[in-house]
Amino acid sequence: MSKKLFIIIFILLFYTLTIQAYDDGKAGFKVAYNNNIISQEVASVFVLPEETLKLNIYRPQKNNNYVIKSTESNIIKNNDFEWEMRFPKEPGNYPVRVTNNISKESIRINVFVLEPFSNLNGGYLNGFRIGNYPLSLISENENYDLPKGFIKVTPENEDTYLSPHFQLKQFICRQQGGYPKYVVIQELLLNKLEYLLYEINQKGFNVDTFHMISGYRTPYYNKYLGNSDLSRHVFGDAADIIIDVYPKDGYMDDLNSDGHINYKDADILYDLVERSYKRSEYEEYVGGLGLYKRTSKHSPFIHIDTRGYKARW
């Protein structure tokens, strides 16, 4: 075997072993709660201290049976397909696992007990600077409800997967400060990100996650950047994203393979989102879509959110 052929085979084997095929993370059954449906193997739900959560198997098959497990909540079993759980007072992550005993498939639900919004004191939460949310929030089209609470982020839990492909640490505000940190994330944003990630992989890009240029922003940090008080980022349903697979350097990959990294690469993502609006299943994800060119401070990227109506820039 020639040396050149050996090198080619080695490279092919290397990429075969190191680049994993995309897994959509779908479970074989669904769990419902508060008019929401969980269809993925990993999901997150956000509750207040001592709140009761009702879970049930969505359209269960009678020949299947399910088991629910949680070490930190008081589980009240209503029947074979429905449960109620009361969660502790202390903020944190209290995982729940629902398993189909026949197929052995399971869904892990990370139930985060939030630090209540009412615990904000002078714009601070346990030493972490949040800032002040605008109190006059009037809009007929857009959801400007104040967050009901904040996810407490520590070194121990920041690697937690909130959904099959997105970790808690990806949404942390970029302001300076130690732990604990606090984040607001809306579940609908996680679902939208997973939907778009699936679509980009269907187009032939092997992408394990989106890189976040910006996820949640505290009102304090958002004001420091000079952005609008009503930025969707402070309400936890916006993300500025790029595809950054190789090398992982915080910059958009050369998606169109023209040898340059510029807005044309971000435009591929932009067009993907725009085309999704033609599909009926995308209706719940309607929101803002913006394209940002490369500057000396950041990569080209796109902005997405779930504000509830179509906005473009």
Matching entry among Ser299, Ser280 (being of a type in the set (S, T, N, Q), in the same structural domain as Leu190 (by TED's automatic domain parsing) and either free of Cβ contacts under 8 Å to residues at least 24 places away in the same chain or within 25 Å of Ala21 (Cβ to Cβ) (or both)) | Ser280
Specify which of the listed residues (Leu146, Leu189) is in contact with a Ser or Thr (Cβ under 8 Å, 6 or more places away or on another chain) and among the aliphatic types (A, V, I, L, M).
-> Leu189
Reported set for segment 134-159 where residues are among the charged types (D, E, K, R) and either in contact (Cβ under 8 Å) with a residue 12 or more places away in the chain or within 19 Å of Val47 (Cα to Cα) (or both) is Glu142, Asp145, Lys148, Lys152, Glu158
Cβ pairs under 7 Å, 6+ apart, first in segment 160-172 and closer than 14 Å to Ile213 by Cα, second of a type in the set (Lys, Arg) | Ile172/Lys181
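Per-residue answers, yes or no, for (1) over 21 Å from Ala43 (Cβ atoms); (2) of a type in the set (A, V, I, L, M); (3) under 11 Å from the mean Cα position of the chain (by Cα):
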position: Cys173; (1), (2), (3): yes, no, no
position: Gly178; (1), (2), (3): yes, no, no
position: Gln186; (1), (2), (3): no, no, yes
position: Leu190; (1), (2), (3): no, yes, yes
position: Asn201; (1), (2), (3): no, no, no
position: Val207; (1), (2), (3): no, yes, no
position: Phe210; (1), (2), (3): no, no, yes
position: Ile213; (1), (2), (3): yes, yes, no
position: Pro219; (1), (2), (3): yes, no, no
Restricted to segment 17-62 and to residues being assigned to a loop (DSSP other than H, G, I, E, B) and of a type in the set (D, E, K, R), the residue surrounded by the fewest Cβ atoms within 10 Å (Cβ to Cβ) is Lys62
Do we have any residue at all in segment 173-183 that's of a type in the set (Ser, Thr, Tyr), under 20 Å from Glu51 (Cβ atoms) and in contact (Cβ under 8 Å) with a residue 40 or more places away in the chain?
-> yes
Across (1) touching a Lys or Arg at 6+ places or on another chain (Cβ under 6 Å); (2) at pLDDT below 55; (3) not aromatic (Phe, Trp, Tyr), Leu17 clears everything bar (1)
Counting residues that are at pLDDT 95 or above and among the hydrophobic types (A, V, I, L, M, F, W, C), which strands (runs of 3 or more DSSP E) fully inside segment 141-230 reach at least 2?
-> 149-153, 211-214
Hits in segment 43-94 - residues which are without any contact (Cβ under 8 Å) to a residue 40 or more places away in the chain, closer than 19 Å to Thr160 by Cβ and among the charged types (D, E, K, R) = Lys69, Glu72
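Against the definition (more than 30 Å from Asp208 (Cβ to Cβ) and either β-branched (Val, Ile, Thr) or buried (at least 18 other Cβ atoms within 10 Å of the Cβ) (or both)), how does Ile75 come out, yes or no?
Details: more than 30 Å from Asp208 (Cβ to Cβ): yes; either β-branched (Val, Ile, Thr) or buried (at least 18 other Cβ atoms within 10 Å of the Cβ) (or both): yes.
For Ile75, the condition - more than 30 Å from Asp208 (Cβ to Cβ) and either β-branched (Val, Ile, Thr) or buried (at least 18 other Cβ atoms within 10 Å of the Cβ) (or both) - is met.
Scan segment 72-122 residue by residue and report those that are basic (Lys, Arg) and either part of a strand (DSSP E or B) or in the same structural domain as Val184 (by TED's automatic domain parsing) (or both).
Lys77, Arg86, Arg97, Arg108
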Report yes if Leu225 is in the same structural domain as Val183 (by TED's automatic domain parsing), among the aliphatic types (A, V, I, L, M) and exposed (fewer than 15 other Cβ atoms within 10 Å of the Cβ), otherwise no.
-> yes
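The values are calculated or read from the model by the stated rules, or taken from the named source; none is laboratory data. These numbers come from a predicted model, not from an experiment. Methodologically, a virtual Cβ is constructed for each residue, glycine included, from the backbone with ideal geometry; neighbour enumeration extends over all protein chains shown.
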